1. With the checklist (1) within 15 Å of the chain's Cα centre (by Cα); (2) more than 12 Å from chain B (Cβ to nearest Cβ) in hand, flag the one item A:Gly54 doesn't pass.
2. Please give the strands (runs of 3 or more DSSP E) falling wholly within segment B:1-92 in which 1 or more residues are of a type in the set (Val, Ile, Thr), touching a strand residue (DSSP E or B) at 6+ places or on another chain (Cβ under 6 Å) and surrounded by 12 or more Cβ atoms within 10 Å (Cβ to Cβ).
3. Please go through segment B:93-117 and pick out each residue that is more than 8 Å from every other protein chain (Cβ to nearest Cβ) and either surrounded by fewer than 16 Cβ atoms within 10 Å (Cβ to Cβ) or touching a Cys at 6+ places or on another chain (Cβ under 8 Å) (or both).
4. Quick one: in segment A:79-111, of everything that is more than 10 Å from every other protein chain (Cβ to nearest Cβ) and among the polar types (S, T, N, Q), which residue is farthest from the chain's Cα centre (by Cα)?
Amino acid sequence: ILNVEQSPQSLHVQEGDSTNFTCSFPSSNFYALHWYRWETAKSPEALFVMTLNGDEKKKGRISATLNTKEGYSYLYIKGSQPEDSATYLCASDNYGQNFVFGPGTRLSVLP
Amino acid sequence: SAVISQKPSRDICQRGTSLTIQCQVDSQVTMMFWYRQQPGQSLTLIATANQGSEATYESGFVIDKFPISRPNLTFSTLTVSNMSPEDSSIYLCSVPAEGAISNQPQHFGDGTRLSIL
């Protein structure tokens, strides 16, 4: 069973600040890592699927990096906006059989 | 991308009762997944619902507690049986984005927020 961790558990930033948080996962038998944004009362929204060591992906003000050798991924948000407030989940893809999710980082962006 | 309709969106139930959650997808999919997120915990896979065969349950989850139906390729139900306060959670169904599972994100329903009194 994989163990996926995320830190910090929660985060409060001011509008306009940039921020980042971490997902760590077992580096052995790595297959893929997924990032999701989950707003309250909505469904989790897929942000990135990352597979290669050194991958860097970007979607607007949000970007993510991947280090499969040491087993971590960073998610960055540049110039945070109140609409970025959500829980950010990462999940390790267990060879396509199922996803193992981390506990999430709850981000609050204060206007 | 698949559109998933999940209902009810929320419910408050009495201890000892059962609730059935429905998940309808606008396209045919081979696999559907049922997850649970207890307060402060990770999103955890309960089972994979396979059309035409019994669901595959993850460790710690059993069919008697969480019976699943999958009558066709667009629909599934999860029943939470004999509920106790520990079953208070958000329950989500999901499907793979592109049919194949590998390296693809999953599309989720909006979730069912369940509270047990």
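Every read-out reported here was derived from the displayed coordinates using simple, explicitly stated rules and does not represent laboratory data. On a predicted model such as this, the values are computed, not experimentally measured, just so you know. FYI the Cβ positions are ideal-geometry reconstructions off the backbone, even for glycines, and counts take in every protein chain you see.
1. (1)
2. B:4-7, B:19-25, B:44-50, B:68-72, B:75-80
3. B:Cys93, B:Glu98, B:Gly99, B:Leu114, B:Ser115, B:Ile116, B:Leu117
4. A:Gln81
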